[in-house]
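To start, the structure itself, in structure tokens.
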Amino acid sequence: MRTLLASLALLTAGAVSAAPYDANITRIYYLADLENCPGKLDMQPGDLWTLTFPDTVTDAYVTKNGIVERQIQGNRLIMAVTAQVGSTPALVLTEDGRAPRFNITVEAGKGGRNKNVLIRPGSTPGGSKCGVASVPPAPTPAKPPVVQANPAPRTPANVTVRPPVTTLPPAGTPLAVRPAATSPAASRPPATSTAALAATRPGGSAPAVPTNPPAASAPAPRPVAAVPPRPVTPSASPAHMPVTVNAQAPSFLKVTVRPETRGTLTFTFRNTLDADVVLNETDLRLADANGTRDNTLIVPAGGELTSQVTLRGPLPALIAKLTWPGVILGSGEGFQVSAMLVL
């Protein structure tokens, strides 16, 4: 009897120790995969999620506040769901320079769950199933069509051009002589002298012939009325148009700024680094004005981002200087974007 009871106790202890640890893990991700393909966190109101990383967590970013509350404890990131519905991307920074990403989605449900996510080092065994997003190449501008002038017509090679042949009359035949051209003076009748006219009139008196008749006088020109000059009215100056400016930034970051209104700016960022860069709207300064929202912009590695920033505070009448500091994720290196804007 004692032997049977001892055997049952050993079997029970073995069954308890054989329970797998992964049974308490809601989901398993690999750190290298999360840098290329964000992990999905499907949450419900009132959930409590714990993400355990292989290294110490240094910071965590989201683009929308009020969806989850975050707290860092060593290598754990604890998130409590506070919204009823919503979504936001999330970026986590670890002490070894890694930057895993997640997409958080909160949907209506029973909620109040306790979820655990384990992030393991390296990549998925056998290769990751997530493709790396690539930036599409810029379209190549089409070349204008080449217009060729029509060449001069060529004489076909098989056609012989001969000069015209003049046929001469047979020998002994007199050639026809063309009459000489008659000038207008020769065609006029001969002038009759004054003496001849006197012989033909009775009494022998010649009529009086004017030798130089008076020339007809030309009509006097009419006076032309002077036209007064037309007054020149200065044209109205064109309305002020927004001007896009290339901002001064490090060589790895191309930034353009366009003032849409006096209080609204549109930024376009192009990041050529293999690491993300981060800027916060409240750090933007334009003269004595600054960004209104506590919103973090993340420009992905090798990608582009366009965002509109609303300003608050007094602005100068025409020209203002803009400064906006940022940081490179992973290395923690800072940089600054600056530009002179015409408002």
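Residues that are open to solvent by less than 10 Å² (accessible area, probe 1.4 Å), among the hydrophobic types (A, V, I, L, M, F, W, C) and within 22 Å of Pro300 (Cβ to Cβ) within region 80-106 comprise Leu91, Val92, Phe102, Ile104, listed in sequence order. The one condition from (1) out of contact with any Lys or Arg (no Cβ under 6 Å at 6 or more places or on another chain); (2) over 18 Å from Asp283 (Cβ atoms) that Leu343 does not meet is (1). Taking the criterion of being open to solvent by 30 Å² or more (accessible area, probe 1.4 Å) and either farther than 24 Å from Leu297 by Cβ or not β-branched (Val, Ile, Thr) (or both), the residues of region 70-79 that qualify are Arg70, Gln71, Gln73, Gly74, Asn75, Arg76, Ile78. Out of the residues in region 78-115 that are hydroxyl-bearing (Ser, Thr, Tyr) and under 30 Å from Leu273 (Cα atoms), which is farthest from the chain's Cα centre (by Cα)? By that ranking, first place goes to Thr94.
None of Thr261, Thr233, Thr292, Thr256 is at pLDDT 95 or above and β-branched (Val, Ile, Thr) except Thr256.
Count of region 246-292 residues, restricted to those that are without any contact (Cβ under 8 Å) to a residue 60 or more places away in the chain, within 19 Å of Pro314 (Cβ to Cβ), open to solvent by 20 Å² or more (accessible area, probe 1.4 Å) and part of a loop (DSSP other than H, G, I, E, B), is 4.
Scanning region 55-98 for residues being touching a Leu at 6+ places or on another chain (Cβ under 6 Å) and farther than 19 Å from Leu31 by Cβ gives a total of 1. Among the numbered conditions (1) within 28 Å of Ala99 (Cβ to Cβ); (2) exposed (fewer than 15 other Cβ atoms within 10 Å of the Cβ), the only one that Leu322 does not meet is (2).
Filter region 20-62 down to the residues that are at pLDDT 90 or above, within 22 Å of Gly330 (Cβ to Cβ) and polar (S, T, N, Q), then identify the one that is surrounded by the most Cβ atoms within 10 Å (Cβ to Cβ). Once the filter is applied, the top-ranked residue is Thr52. Contact map, region 300-324: residues that are farther than 13 Å from Leu265 by Cβ and modelled with pLDDT under 90 paired with residues that are of a type in the set (Gly, Ala, Ser) and not in a strand (DSSP E or B), Cβ distance under 7 Å, separation 6+ or inter-chain. Pairs shown: Pro316/Ala287.
The values are calculated or read from the model by the stated rules, or taken from the named source; none is laboratory data. Since we're looking at a predicted model, the values are computed, not measured. Note that each Cβ is placed from the backbone with ideal geometry, even for glycine, and that neighbours are counted across all protein chains shown. Areas reflect the complete protein model, heavy atoms only, side chains present, ligands, DNA and RNA absent. Shrake-Rupley method; radii C 1.70, N 1.55, O 1.52, S 1.80 Å.
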